[in-house]
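Student: Okay, here's the structure, questions in a sec.
Laboratory data are not the source of any read-out in this text; all were calculated from the coordinates shown. Note that the structure is predicted; figures quoted are calculated from it, not measured. Cβ atoms come from the backbone with ideal geometry, glycine included; neighbour counts cover every protein chain shown.
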Amino acid sequence: MLQTLRDIRWASVLTVVVAGAFTLVTLAAALRGRVWAWVPFALSAAILVREIRYLQRARRRPAGFDEPDRRAGRE
């Protein structure tokens with residue numbers, strides 16, 4: 001359990017939470033007619049998506065594409 005908590009990238013989790021909250025606030029402002037709010041909404045949404053994808057890739061185990069080809073010795 002303790003090792004799992006150490007493996008979590010807390011800075012990225014915090015970035016996701018803050019970017020998510022900011023995205024919702026700027027989306028609400030944009031939908032209320034504030035045209036200027038679309039730019040920060042797009043930027044924070046892009047940061048949110050990037051960090052979520054980073055966290056998903058970090059949890060995935062390596063695919064092994066950099067390992068040598070095992071079939072090479074059979075020929």
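Student: Quick one: the Cα spread of region 2-60 along its three principal axes, in angstroms, biggest first?
Tutor: Cα extents, longest axis first: 47, 18, 12 Å.
Student: Assigning unit charges at the beta carbon (Lys, Arg +1; Asp, Glu -1) and nothing else, what dipole magnitude in debye, to the nearest 20, does region 2-60 show about its Cα centre?
Tutor: Numbers: 9 positive and 2 negative charges, 35 e Å.
Using Cβ point charges on Lys, Arg, Asp and Glu, region 2-60 gives about 160 debye.
Student: What spacing in nm lies between the two simple spin-label points modelled at Arg60 and Ala29, each 7 Å away from Cα in the Cβ direction?
Tutor: 3.5 nm
Student: Moving to a separate point now. If each residue of separation counts as 0.36 nm, what is the full-extension length gain between Trp10 and Val39 once their alpha-carbon separation is subtracted? Let's see the in-between values first.
Tutor: Numbers: separation 29, 0.36 × 29 = 10.44 nm, distance 2.68 nm.
Taking Trp10 through Val39 to full extension adds about 7.8 nm, to one decimal.
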